[in-house]
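The values are calculated or read from the model by the stated rules, or taken from the named source; none is laboratory data. This one's a predicted model, so the numbers in the text were calculated from it and none came from an experiment. Neighbour counts run over all protein chains shown; Cβ positions are idealised from the backbone, glycine included.
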Amino acid sequence: MNIESVPFWQIKSLAEMTAQEWESLCDGCGRCCLNKLEDWDTGEIHFTNVACTLFDGNSCRCKDYENRFNTVPDCIKLEPCDIKSYPWLPQTCAYRRLDEGKELPDWHPLITGDPQSVHKAKISVQGRTIPEDGLSVEEWEDHLMD
């Protein structure tokens, strides 16, 4: 097999990837943009369907990705060296999977060539979120997801 025909994610570590390669790993599921609750006793992370104020529930993308840190100061910039410190990343997340030595799933847009494949596979939260605007943190408990 010619080295040029091997996908970048199979020959590079996360830290070796270019910014463009890194960004292309995001499958667009939108799960990282959901507010989460942590059980203080067990450390277990619970996802809600309450999405960040900048989250577009139809496209599953940030409405203002370039300026998100100005609007949402607690937005987290994922870094290759820190993936293990984000236990809330879903099991399906490409960053997490590659960090754990796993392959990309067959529905991933880099595999299918179709940016909608994450939605077609029902992995994304498309159409299943509500905006956080107007909700108190205490109300998030009423919006836990399976």
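Is the stretch 80-97 home to any residue that is in contact with a strand residue (DSSP E or B) (Cβ under 8 Å, 6 or more places away or on another chain), free of Cβ contacts under 8 Å to residues at least 12 places away in the same chain, assigned to a loop (DSSP other than H, G, I, E, B) and surrounded by 13 or more Cβ atoms within 10 Å (Cβ to Cβ)? Within the stretch 80-97, none of the residues are in contact with a strand residue (DSSP E or B) (Cβ under 8 Å, 6 or more places away or on another chain), free of Cβ contacts under 8 Å to residues at least 12 places away in the same chain, assigned to a loop (DSSP other than H, G, I, E, B) and surrounded by 13 or more Cβ atoms within 10 Å (Cβ to Cβ).
Which numbered condition in (1) over 27 Å from Trp140 (Cβ atoms); (2) out of contact with any Leu (no Cβ under 9 Å at 6 or more places or on another chain); (3) surrounded by 13 or more Cβ atoms within 10 Å (Cβ to Cβ) is the only one that Lys102 fails? Against the list (1) over 27 Å from Trp140 (Cβ atoms); (2) out of contact with any Leu (no Cβ under 9 Å at 6 or more places or on another chain); (3) surrounded by 13 or more Cβ atoms within 10 Å (Cβ to Cβ), Lys102 comes up short only on (3).
Every condition in (1) modelled with pLDDT under 95; (2) within 19 Å of Pro7 (Cβ to Cβ); (3) of a type in the set (Val, Ile, Thr) holds for Thr112 except the one numbered (1). Total residues in the stretch 1-55 satisfying the condition of being within 13 Å of the chain's Cα centre (by Cα) and within 14 Å of Trp88 (Cα to Cα): the figure is 9. Applying a threshold of 6 Å to beta carbon distances and a minimum spacing of six or more residues, or different chains, the list of pairs starting in the stretch 121-146 at a residue that is touching a residue at least 40 places away in the same chain (Cβ under 8 Å) and ending at one that is of a type in the set (Phe, Trp, Tyr) and not in a loop (DSSP other than H, G, I, E, B) reads Met145/Phe47. In this structure, Ala94 does not satisfy being touching a Gly at 6+ places or on another chain (Cβ under 7 Å) and on the phi < 0 side of the Ramachandran plot. Pairs meeting the criteria (first residue in the stretch 39-66 and free of Cβ contacts under 8 Å to residues at least 24 places away in the same chain and aliphatic (A, V, I, L, M), second residue in a loop (DSSP other than H, G, I, E, B) and surrounded by fewer than 15 Cβ atoms within 10 Å (Cβ to Cβ), beta carbons under 7 Å, at least 6 apart or on different chains) are Leu54/Lys63; Leu54/Asp64.
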